[in-house]
């Protein structure tokens with residue numbers, strides 16, 4: 001018996017200490033470069049096709065709320081769209097996270113079971129209804145050990161849009177959370193997205209926090225009323241003089257010019273011809289013939305080979321906007337199944353004046369670093 | 001009566017050629033076909049084919065249910081399966097082939113009377129041999145190309161309009177690429193060598209003359225690579241803000257192994273002490289993007305890349321899609337016919353051809369079949385076409401085997417008919 005045990009033990013030790021298996025690469029094969037098209041310098045995001053890490057709140061939105069007495073607004077950061085702190089309790093955390101996936105059930109399980117070790121997750125119907133950012137929300141309350149810290153508590157107000165859950169979370173020592181419950185609920189109620197115009201109630205910008213898109217250029221003299229810069233998205237371009245940023249728009253490079261003209265950059269899925277035909281429809285024109293694409297002139301936009309659509313007629317958009325005697329210029333290109341385009345439309349006289357700046361804008365467009 | 005004692009060799013030959021063995025083997029094949037079909041409810045066709053029909057041995061599972069209702073339920077409500085150890089279809093068919101040769105060709109009396117049966121057996125043997133050759137010597141894969149625009153300027157950078165390579169549907173490999181400027185040097189390791197890196201295992205890859213080794217860990221057959229947010233908990237390592245997440249097919253959905261994307265972690269250790277870590281994903285991009293995006297690193301001034309990808313096969317010609325045509329049944333989006341107008345280009349010139357259902361392109365030993373199209377469900381333009389490319393030395397053997405079997409049966413039943421027409425039975429029927 002002892003011999004058998006020793007043999008087994010020796011075998012087990014040897015097995016545990018044995019080196020990991022090895023394998024040899026096969027013999028080298030020489031290939032022409034064209035046989036293996038290779039992008040050597042792709043970023044990790046492009047190489048692994050990683051989705052954007054930006055939260056679902058949208059780049060232009062800034063979330064604000066009325067900080068209770070004794071609380072301070074702190075800079076937002078990734079996955080924390082708005083943050084507050086209680087200076088006297090550094091361990092306490094209050095923050096808003098917009099649009100996390102996983103659905104209500106998944107998030108409740110994460111909060112109760114994974115974070116607080118509470119096996120029984122209550123049904124959503126059993127949770128108190130509270131108001132959060134002008135919407136009915138539910139309040140999850142839990143106490144226990146959180147992150148190794150005993151006697152901890154959390155209040156989480158949340159609402160769901162489909163699978164996407166927006167939560168406002170307050171964690172800290174149980175006594176602190178209990179004592180500040182009313183303040184937390186008042187702050188939850190006051191939450192709002194400030195994206196369209198400067199908000200007099202917005203908290204001051206904190207060190208390190210990015211300026212809201214609606215903030216005037218800091219180089220302006222105090223009191224100046226210069227228009228806010230348009231959102232640029234992933235496209236950088238030189239904006240011609242005379243184009244005015246369109247306030248409150250989340251479209252990229254959305255500007256106005258002349259009397260009622262507008263121009264913006266965007267992306268769409270679908271086929272290029274179908275999309276061009278839709279825009280032709282806005283100008284009261286029939287779809288192109290099958291070989292119509294081949295007849296279109298080309299222009300430079302994010303590289304050579306973008307098609308240029310130049311149409312005249314009465315403009316009527318699907319949202320109802322109408323411009324009689326209009327002209328539309330579109331530079332569009334299709335890459336990897338998505339269409340990127342610059343669309344300019346306005347009264348014909350204004351567009352005639354804007355045609356050269358439009359071409360210069362298209363030539364200057366490049367992917368933002 | 002005195003029984004004549006048979007030698008052991010004669011008894012073995014008698015057993016191998018016996019009708020009793022034929023019947024048992026046919027019953028086993030029927031059982032394997034039935035159980036293999038049932039297994040495809042829960043598992044991918046490819047996996048079942050490998051486990052039931054290309055293996056030496058299988059533990060088949062028979063869910064105990066009647067009319068959809070479980071007779072004995074497991075904890076998850078599914079029927080408790082009866083596990084039946086069986087030989088795989090591969091040895092059964094091999095033995096059946098021997099049985100036919102010994103019993104149906106060697107032991108049977110070679111006479112005009114038996115000529116039909118002998119020829120039929122010959123045809124069936126040829127059919128089985130064709131299957132064995134296909135299993136061991138053939139390979140197949142996918143080639144997808146977009147319609148080539150009429151005007152040069154309409155071509156989109158990166159998109160695949162013409163291809164002289166095709167990629168395996170199911171099998172992957174890890175390729176080490178060496179950037180030689182105008183050329184690429186490539187070394188590959190088949191996927192099965194990486195299987196030891198599943199779970200907590202690891203595999204170290206090396207090659208003579210390489211100034212580094214590559215350690216592969218956490219190989220996952222069906223995975224996605226996702227960013228690691230602060231709310232996400234994972235036991236997998238996080239590299240460059242991302243980690244490998246094992247995926248599962250939803251309950252009730254039949255897994256499709258060709259849609260599974262493997263991923264793994266690699267650590268490169270150079271002999272100079274450099275260390276590089278990365279995640280590799282076998283995500284295919286063709287035809288929207290013909291390029292591969294390897295994890296690139298530089299050792300001793302030489303640039304290398306590691307790419308986890310479907311097994312790549314090179315063709316001696318290129319296929320360019322000039323036009324794709326899809327005709328639907330009236331009033332529906334269901335295709336009545338879809339076909340590709342292609343140009344085949346090689347060193348000697350070019351040749352136009354049409355590829356559609358039951359009309360593949362045969363060239364240099366390869367067969368190119370029309371198998372799919374896209375984008376689905378919206379359709380084009382721009383369209384792309386998906387071809388299955390197959391290299392199979394026994395490609396036309398089954399057709400020859402069917403003709404041989406037809407000749408054998410014609411001979412056999414023709415003689416029977418003639419015999420009947422000449423027999424007294426016919427005379428008695430006429431009375």
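Arranged from highest to lowest average of other beta-carbon atoms within 10 Å per residue, in what order do the peptides A:80-87, B:49-56, B:81-88 appear? Let's see the in-between values first.
Working: A:80-87: 18.9, B:49-56: 16.2, B:81-88: 14.0.
The packing order, highest mean first, is A:80-87, B:49-56, B:81-88.
Value of Rg to Rh for segment B:218-290, rounded to two decimals, is 1.05; Kirkwood radius and Rg both from alpha-carbon coordinates.
Rounded to the nearest 10 degrees, the angle from helix B:397-422 to the longest Cα principal axis of chain B is 10 degrees. Rounded to the nearest 10 degrees, the inclination of helix B:89-99 to the longest alpha-carbon principal axis of chain B is 30 degrees.
Using a 10 Å cut-off around each Cβ of peptide B:151-158, what is the average number of partner chain Cβ atoms that fall inside? Show your work: numbers first, answer last.
Numbers: counts 7, 1, 7, 8, 1, 8, 6, 4.
So the per-residue partner count for this stretch is 5.
Based on Cα atoms of chain B, Rg over Rh with Rh as the Kirkwood radius reads 1.06. Kirkwood radius for segment A:268-369, taken over all pairs of different Cα atoms as the inverse mean of 1/r, rounds to 14.1 Å. Can you give the FRET efficiency to the nearest 0.05 for residue A:229 and residue B:78, using r as the Cβ-Cβ distance and R₀ = 60 Å? Calculated value: 0.50.
Show me A:123-133, A:166-176 ranked by packing, highest mean number of other Cβ atoms within 10 Å first.
Working: A:123-133: 13.9, A:166-176: 20.4.
Ranking, from highest mean packing down: A:166-176, A:123-133.
If a paramagnetic tag sat 7 Å from the Cα of residue B:38 along the Cα-Cβ line, which residues of segment B:80-97 would have the backbone N under 16 Å from that point? Answer for this model: B:80-87.
If one computes P(r) from the Cα atoms of segment B:27-130, what percent of pairs lie at distances over 20 Å?
On the way: 2819 of 5356 pairs.
In whole percent, the long-distance tail amounts to 53.
Each principal axis of the Cα cloud of segment B:350-431 was evaluated for its coordinate range; sorted largest first, these ranges are 74, 32, 19 Å. Label-to-label distance, residue B:129 versus residue A:123, with points set 7 angstrom from Cα along the beta-carbon direction: 7.0 nm. Computed over chain B with a Gaussian network model linking Cα atoms closer than 10 Å, the most mobile of B:306, B:280, B:27 is B:27. Taking the inverse of the mean 1/r over every pair of distinct Cα atoms in segment A:69-177 gives a Kirkwood hydrodynamic radius of 14.3 Å.
Here, segment B:297-337 is characterised by an Rg to Rh ratio of 1.36, where Rg is the alpha-carbon radius of gyration and Rh the Kirkwood radius. Measuring spread by the Cα atoms of segment B:99-199 yields a radius of gyration and Dmax of 24.9, 72 Å.
Note on residue A:274 and residue B:259: with the Förster distance fixed at 30 Å, the Cβ-Cβ geometry gives a FRET efficiency of about 0.65.
Apply the Kirkwood formula to segment B:241-332: the hydrodynamic radius equals the inverse of the mean of 1/r over all pairs of different alpha-carbon atoms; give it in Å with one decimal.
Numbers: mean 1/r = 0.0569 Å⁻¹.
Taking every pair of different Cα atoms in segment B:241-332, averaging 1/r and inverting gives 17.6 Å.
For residue B:5 and residue B:329 in the same chain, what is the full-extension length gain: residue separation times 0.36 nm, less their Cα-Cα distance, in nm? Mind dumping the intermediate values first?
On the way: separation 324, 0.36 × 324 = 116.64 nm, distance 7.04 nm.
Using 0.36 nm per residue and subtracting the Cα-Cα distance, I get 109.6 nm.
Just subtract the alpha-carbon distance of residue B:22 and residue B:66 from 0.36 nm times their residue separation and send over the number in nm, one decimal. 12.7 nm is the gain from fully extending residue B:22 to residue B:66.
Taking every DSSP helix (H) stretch of at least 4 residues in the protein assembly as shown, weighting each as -39,500 (n - 2.57) and dividing the sum by the residue count yields a mean residue ellipticity at 222 nm of -7000 deg cm²/dmol.
Suppose R0 equals 35 Å; then what is the FRET efficiency for residue B:396 and residue B:15 from their Cβ-Cβ distance, rounded to the nearest 0.05?
0.55
Remark: relative contact order (segment B:285-383) = 15 percent; criterion is Cα-Cα distance under 8 angstrom and separation of 6 or more residues. Oblate is the label for segment B:140-282, because a/c, from the alpha-carbon gyration tensor with a ≥ b ≥ c as root eigenvalues, is 1.5 or above and a/b does not exceed b/c.
Just tell me how shielded A:294-305 is by partners: mean number of partner chain Cβ atoms within 10 Å of each residue's Cβ, no decimals. Let's see the in-between values first.
Working: counts 5, 1, 3, 0, 3, 0, 0, 0, 0, 2, 2, 7.
Other-chain Cβ atoms within 10 Å of each residue's Cβ, averaged: 2.
Specify whether the C-alpha gyration tensor of segment A:103-143 places it in the rounded, prolate or oblate class, a ≥ b ≥ c being the square roots of the eigenvalues: rounded for a/c under 1.5, otherwise prolate if a/b is larger than b/c and oblate if not.
Prolate.
If one takes the longest principal axis of the Cα atoms in chain B, at what angle in degrees, from 0 to 90 and to the nearest 10, does the Cα axis of helix B:115-137 lie? Once rounded, one gets 10 degrees.
Please compute the average number of Cβ atoms from other chains found within 10 Å of each residue's Cβ in peptide B:291-300. Please report the intermediate quantities before stating the final value.
Values: counts 6, 7, 11, 6, 5, 6, 0, 0, 0, 0.
Mean number of neighbouring Cβ atoms from other chains: 4.
Stokes-Einstein, applied to the Kirkwood radius of segment B:286-422 over Cα pairs at a viscosity of 0.692 mPa s and 37 °C, places its translational diffusion at 169 µm² s⁻¹.
Taking a temperature of 37 °C and a viscosity of 0.692 mPa s, what whole-number D in µm²/s does Stokes-Einstein yield for the protein assembly as shown with Rh from Kirkwood over alpha carbon pairs?
Numbers: Rh = 33.3 Å.
Using the Kirkwood radius from Cα pairs, D works out to 99 µm²/s.
Between residue B:314 and residue A:286, the distance separating the two model label sites (each 7 Å from Cα on the Cα→Cβ line) works out to 5.2 nm. Three semi-axes describe the equivalent ellipsoid of segment B:24-66; taken as square roots of 5 times the Cα gyration tensor eigenvalues and ordered largest first, they are 16, 14, 8 Å.
Since every read-out is calculated from the coordinates, none of them should be taken as a lab result. This one's a predicted model, so the numbers in the text were calculated from it and none came from an experiment. Counting neighbours? That spans all protein chains shown, and the Cβs are built from the backbone with ideal geometry, glycine included.
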